[in-house]
Amino acid sequence: MDRKSLQIRVLLGAVEFLEKHPLLVKAFLKPAANAPFISSKLMVLFRAYMGATAFEIHDVDMSRGRIGIGGVEEIMAGAKIVELLHHTLDEWLSPADKKQTLYEMGIKLCSWEVTQALEGGRWAPAVLVPLIAHAEIFDEIRTDPIMARFFSKTMDMMSRLITDEGGWGHLEFDFDKDPMTVTLHHSQEAAWLGPSSEPVCHFYAGIVAGYAGTISGETVHVTERECAACGAPACVFELHRNK
């Protein structure tokens, strides 16, 4: 077994152990993750696995009026901004141009956020980054069951912090399908813009493409196959790789 495989197995074992012992996490690890002086020394993902929520992990700088998580600055805004973004662009662009603009905005925003998180050194230790972000990652998770489980657990935790606790909805990943799919439950775009005769989550499709493309170094095109705004149970995105 090479060093990389050993690292993945050790990390996966630790994650799955914590998942099986929620009382241990709640009673002992979460208080430690949020304790003064200890919390500032821990990586974002470590604190999250120890039970800390995104709100507990966020840094607030009152003197500068800034909020961020793991060195990635954010701006909190009302959910209606999603609807206003769509409708404002409707006034200036054709439907096709609006769709592409929102998609490109999603790509650029998520690419920036992921790059900041990985390079900032506060989301995950340096040894973990190349395990989940490299050019062969999608091929590895399709051929190595252990890597697929490890990557899925990491994605689930990151989406919990960013998507679930960020108010965007709940994500589920299916890496076994071809093309790979991402399912978004309770999409903000669909909630504000439905009912519709066609998919509306153009911004979120770009976010998925930006994340997938940044961690893999590939150009990934994402299409929304099903949309809650059209009456589907959830929004389903397909990831198409340009290999």
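The values are calculated or read from the model by the stated rules, or taken from the named source; none is laboratory data. Keep in mind that what you see is a predicted model, and the values were worked out from it rather than measured. Here the Cβ is made from the backbone with ideal geometry for all residues, glycine too, and neighbour counts use every protein chain on show. Quick note on the areas: whole protein, heavy atoms, side chains included, nothing else; ligands and nucleic acids left out. Shrake-Rupley method; radii C 1.70, N 1.55, O 1.52, S 1.80 Å.
List of remarks:
- Number of residues in region 47-64 that are assigned to a loop (DSSP other than H, G, I, E, B), open to solvent by less than 70 Å² (accessible area, probe 1.4 Å) and hydroxyl-bearing (Ser, Thr, Tyr): the value is 1.
- Residue satisfying all of: in region 65-112; in contact (Cβ under 8 Å) with a residue 60 or more places away in the chain and not in a helix (DSSP H, G or I); nearest to Ser159 (Cα to Cα) among these: Ile69
- Subset of region 65-80 [over 28 Å from Pro31 (Cα atoms) and either surrounded by 12 or more Cβ atoms within 10 Å (Cβ to Cβ) or among the small types (Gly, Ala, Ser) (or both)]: Ala77, Gly78, Ala79
- Counting only helices (runs of 4 or more DSSP H) that sit completely within region 119-222, those holding 2 or more residues that are hydrophobic (A, V, I, L, M, F, W, C) and within 21 Å of Leu89 (Cβ to Cβ) correspond to 188-193, 202-216.
- Some residue of region 87-97 being in contact with a Gly (Cβ under 6 Å, 6 or more places away or on another chain) and open to solvent by 40 Å² or more (accessible area, probe 1.4 Å): no
- Qualifying positions in region 170-202 - open to solvent by less than 20 Å² (accessible area, probe 1.4 Å) and touching a residue at least 60 places away in the same chain (Cβ under 8 Å): Glu189, Val200
- Single condition Ile207 does not satisfy, out of (1) in contact with a helix residue (DSSP H, G or I) (Cβ under 8 Å, 6 or more places away or on another chain); (2) without any contact (Cβ under 8 Å) to a residue 24 or more places away in the chain: (2)
- Criterion violated by Ala205 - all others in (1) within 14 Å of the chain's Cα centre (by Cα); (2) at pLDDT below 95; (3) small (Gly, Ala, Ser) satisfied: (2)
- Per-region count, region 4-45, residues under 18 Å from Gly71 (Cβ atoms), hydrophobic (A, V, I, L, M, F, W, C), free of Cβ contacts under 8 Å to residues at least 40 places away in the same chain and part of a helix (DSSP H, G or I): 1
- Residue count for region 108-142 satisfying the condition of being under 26 Å from Ser39 (Cβ atoms), of a type in the set (Asp, Glu) and open to solvent by 60 Å² or more (accessible area, probe 1.4 Å): 1.
- Within region 1-21, being surrounded by 12 or more Cβ atoms within 10 Å (Cβ to Cβ) and farther than 23 Å from Val127 by Cβ holds for one residue alone: His21.
- The set of residues in region 143-169 being crowded, with 16+ Cβ neighbours inside 10 Å, closer than 19 Å to Gly71 by Cβ and among the hydrophobic types (A, V, I, L, M, F, W, C) consists of Met158, Leu161, Ile162.
- Exactly one residue out of Glu218, Glu238 is open to solvent by less than 40 Å² (accessible area, probe 1.4 Å), touching a strand residue (DSSP E or B) at 6+ places or on another chain (Cβ under 8 Å), acidic (Asp, Glu) and in contact (Cβ under 8 Å) with a residue 60 or more places away in the chain: that is Glu218.
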